[in-house]
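Trainee: Dropping the structure in here first, questions after.
No lab work stands behind these numbers, since they all come straight from the coordinates. As the structure is a prediction and not an experimental result, all values here were calculated from the model. Backbone-built Cβ (ideal geometry, glycine too); neighbour counts: all protein chains shown.
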């Protein structure tokens, strides 16, 4: 069975949304676990020039800074700070993708939930 880095996106699907719902649920723990798992499977990649890229050295600061800030914003229920820190986290992820020679893996804020059966509308 082949595990894919794309599996790390499922806990982040729909966060932050274009229209905040007022619901706050942290999935930073699952996100961290999935990212760690991806790096455990392939801890060293080669960039296009053949240089070794140790992914743990990139993930550790993302985990300790970006993901922590996202989690703190969720705990504080601070929507503005959440969007800012989430964008910074996406930029951090993209920096890793660039270092690994995968500039085409450009992340963005989802506009829709991953599963169309999910409705993010506020409860009525």
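Trainee: With N set to the residue count of the range 47-124, report its C-alpha Rg divided by 2.2 N^0.38 Å to two decimal places.
Mentor: For the range 47-124, the normalised Cα radius of gyration comes out at 1.36.
Trainee: Want the number for residue 65 to residue 119: 0.36 nm per residue separation, take away the alpha-carbon distance, what's left?
Mentor: 16.4 nm
Trainee: Where the Cα atoms of the range 57-96 are projected onto their three principal axes, how long is each span, largest first, in whole Å?
Mentor: The Cα atoms of the range 57-96 stretch 30, 15, 7 Å along their principal axes.
Trainee: I would also like to ask the following. Within 10 Å of each residue's Cβ, count the other Cβ atoms and sort 97, 108 from fewest upward.
Mentor: 108, 97
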